[in-house]
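For reference, the structure discussed in these notes is given below.
The values are calculated or read from the model by the stated rules, or taken from the named source; none is laboratory data. Please read all numbers here as calculations on a predicted model, not as lab measurements. So basically every Cβ, Gly included, is an ideal-geometry build from the backbone, and we count neighbours across all protein chains shown. Heads up: the accessible areas ignore ligands, DNA and RNA and are worked out on the full protein's heavy atoms, side chains in. Shrake-Rupley method; radii C 1.70, N 1.55, O 1.52, S 1.80 Å.
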Amino acid sequence: MKENITIHGLSFRPYLSREQIAVKVAEMGRLISRDYQGKRPLFLAVLNGAFVFAADLIRACDVDCAITFIRLASYEGLNSSGTVKTVIGLQDDLQGRDVIIIEDIVDTGHTMSQFIPQLEQLGPASIAVASLLVKTEALECEVDIRYVGFEIPTKFVIGYGLDYDGLGRNIPDIYQLAD
Ligand code: 5GP
């Protein structure tokens, strides 16, 4: 893993290596495979940030499954705006499906706590959330996250799909904003 990196003039330090992430994603995949044996879950990946994690997570799952994508936005720069807007609507029929939402990171929890009730309206059999990262101390809403990768402190992170104003998604490791 490289030393500190700079994006848009801000310095980020190494935080979670690709190896650590891979071990965790494999573990999450095993848990999901165990819990959904005999079912056919529909993964719902939240764009843009979760696309890298989603690609790895579904390949770590040994169960018949489908994947679809939705785009939500609540972030501007480094801070959560608190308002969630659905940018790209969901086309799929969720009636009776076991839905697993794939999130890159849960911060205040506003995004999930507003999105899950919207999803419940569509009549799925079940809804679970898999999030690679959870900023436990930043949570302002009660969100049931069934599969948690890493609990992390309330500091801005980038890499592995996560960006800072459009940049950094291609970095294979996760970096944390340096003080
Ligand atoms: P919440 O609604 O839980 O506050 O925020 C969830 C969304 O905010 C995530 O899906 C992600 O897009 C964005 N987000 C939260 N924390 C971070 C962070 O540390 N880095 C980046 N790049 N995005 C974040």
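If you rank Arg146, Arg34, Arg59 by how much accessible surface each has, with a 1.4 Å probe, what is the order from largest down?
Arg59, Arg34, Arg146
Can you give me the long-range amide H partners of Asp165? Hydrogens built in the peptide plane at 1.01 Å from N, cutoff under 5 Å, separation of 5 or more residues or another chain.
Gly77
Taking only Cα atoms of region 137-179, what ratio of Rg to Rh do you get with Rh as the Kirkwood inverse-distance radius?
1.01
Taking a probe of 1.4 angstrom, what is the accessible area of Ile105 in Å², to the nearest 10?
Rounded to the nearest 10, the figure is 30 Å².
Tally up the carbon and sulfur contribution to the accessible surface of the chain as a whole percent, 1.4 Å probe, everything protein left in place.
Within the chain, the accessible surface is 47 percent carbon and sulfur.
Rolling a 1.4 angstrom probe over the protein chains, ignoring ligands and nucleic acids, what is the accessible area of Leu90 in square angstrom, nearest 10?
Solvent-accessible area, nearest 10 Å²: 40 Å².
Put Asp64, Asp56, Asp173, Asp144 in order of accessible area, largest first, 1.4 Å probe: what do you get?
Largest to smallest exposure gives the sequence Asp144, Asp64, Asp56, Asp173.
What number comes out for accessible area per residue over the chain if the probe is 1.4 Å? Units Å², please.
On a per-residue basis, the chain sits at 50 Å².
At 1.4 Å probe size, put Thr108, Thr154 in order of accessible surface, largest to smallest.
Accessible-area ranking of Thr108, Thr154, largest first: Thr154, Thr108.
Would you list which aspartates and glutamates come within 20 Å of Lys135, measuring only between C-alpha atoms, while excluding same-chain residues fewer than 8 positions from it?
Glu27, Glu76, Glu103, Asp104, Asp107, Asp144, Glu151, Asp163, Asp165, Asp173, Asp179
Once phi is turned into ³J(HN,Hα) by the Karplus curve 6.51 cos²θ - 1.76 cosθ + 1.60 with θ = phi - 60°, what whole-Hz value does each residue of region 142-150 show in order, with x for glycine and proline?
7, 10, 8, 9, 5, 10, 10, x, 10
With viscosity set to 0.692 mPa s at 37 °C, what whole-number translational diffusion coefficient in µm²/s follows for the chain from Stokes-Einstein and a Kirkwood radius over Cα pairs?
It comes out at roughly 198 µm²/s.
What is the extension gain from Arg34 to Ser126, computed as 0.36 nm multiplied by their sequence separation minus the C-alpha to C-alpha distance, in nm to one decimal?
31.5 nm
Which one, Thr136, Ala125, Val52, is farthest towards the positive end of the dipole of the chain when Lys and Arg carry +1 and Asp and Glu -1 on their Cβ?
Going by the Cα projections, it comes out as Val52.
Keeping all protein chains in position, work out how much accessible area Thr111 exposes to a 1.4 Å probe, and write it in Å² to the nearest 10.
30 Å²
Amide H neighbours of Asp62 under 5 Å, counting only residues 5+ apart in sequence or on other chains, H built in-plane at 1.01 Å?
HN-HN under 5 Å from Asp62: Ser33.
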